[in-house]
Every structure is written in structure tokens, then in C-alpha cells.
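Reviewing the structure listed below.
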Amino acid sequence: MPTFPAVQPEPALDQPHIPSISENTARDALLLFVKSKCCYSSAPAKDGVITNMEAFNTYRYRLETFTESRSTEWSHEPYTGQTVDAYAQQPPGPWDIPAKTPQFFLDDKQFIKVPYTSSVKPCHNCLGIGRKPCKDCAGAGNVSILHGSCHGQGSRQCDVCKGKQQLLVYIKLTVKWCILMKNYLASLANAIVS
């Protein structure tokens, strides 16, 4: 019967040595902390009596989570002959559309046109006319050319369709990467000893 070497116990972790600090150093640290807060009084830090100082270990760590979220919404742009592919086939779901992953742990946002959702509609703003009545002259065209937004024509180009009369309507996917950060402070005094 083969023999296996006995497992050697690992040495216990040494507690790091914490250098002592003077009362003045502790008071200066407290004053610096109070100064960073808007409504804290510095009087206790300046005038208070320090009766006891104890050193103990604490661990400070930060959890950073890199997350991706996806959302969809209807969008439109002036129609200038772009491909119309609505109803050609079933559009993919938001998580089925590939997106270019940015460098990890950097916030980023991408906008992607969802395939098979593009269609052409008359402009909802100008009702497919391409122009809107001037607000300055109420469409009469009688306001001075220098002051009117229509330059005496009584109407101006539609801001939504840019005078094209039609809109390409599609579903826009927004892919957002962000970092969620949480700082933690754990002290050995509060640790569970097993």
C-alpha cells in the first residue's frame, strides 16, 4: 500500500505591525476629515481631550462591477433613400444583436439600428409637407426678412424631416456599459472568528 506524505499545516498569517501615531497626528487627521465635511464642527477635534488610543487592523476594499444594459426605443431620421427592411423577417431581440465591447472598466454607450425594423412614414411634424408655417408671421410672410425665421416666405423647412417629407422610422438599441463601485471597510474587531 503506497504511503502519501502527511499534509503540513500552513503557518498562521502574521498580523501586520501597525506603527503608533501621536496624539497630534491623530488630531490632525481628525481635523482634515472634519474639513472635508460641510456641516461638521472642528471644535471637538481642536479642543477635545483624547483619553485613549488603540490600534487595530482594518481592511479597505472596493468592489467594481462592469455591467452592460440594453434598452430599445423608437427613433427616426429624415428619409434619404436608406434601406427599408421592416417585415423582411423577424427582428432580433436586444441581446441577440452583437455590439462592440469597449475596453473593460470604462463607461461607454453605443446606439445600434435594430435590423428588420426600418420603415418609411410621412413626417408627423409637418404632416408630410416638408415645411411648417412660420411662427413669427403666422404663415402670412409679412414680417421683415431680417427678423422673420421664414425670410418672408410664410413657412420654413420642417426641423424633423429637414424638408424631405418622409421619415425612416426604426427601433434604436442603446447598449450602455458602466461601472458600479462600492467601497467597503472591514475591521478585525468585527470579524467572525472561526
Under 18 Å from the Cα of Lys100 - lysines, other chains or at least 8 residues apart: Lys109, Lys113, Lys172, Lys176
Filtered GluC sites (Glu not before Pro), the range 26-77: DSSP coil and at most 16 other beta carbons within 10 Å: Glu54
Karplus-derived HN-Hα couplings along the range 92-107 (A = 6.51, B = -1.76, C = 1.60, θ = phi - 60°), whole Hz, x at Gly and Pro: x, x, x, 8, 8, 8, x, 10, 6, 6, x, 4, 4, 6, 10, 5
The range 12-142, relative contact order [Cα under 8 Å, separation at least 6], %: 18
Could you tell me which chymotrypsin sites (Phe, Trp or Tyr not before Pro) in the range 32-74 are loop residues by DSSP with no more than 16 other beta carbons within 10 angstrom of their beta carbon? Tyr40, Phe56
Using only Cα atoms, what is the ratio of the radius of gyration of the range 25-96 to 2.2 N^0.38 Å? 2.64
Mind listing the phi-derived Karplus ³J(HN,Hα) values for the range 41-51, rounded to whole Hz, using 6.51, -1.76 and 1.60 with θ = phi - 60°, and x for any glycine or proline? 8, 8, 4, x, 5, 7, 9, x, 9, 8, 9
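Rule-based calculations on the coordinates, nothing more; no lab input. Computed from a predicted model, the values in this text were never measured in an experiment. Virtual Cβ from ideal backbone geometry, glycine too; neighbours counted across all protein chains shown.
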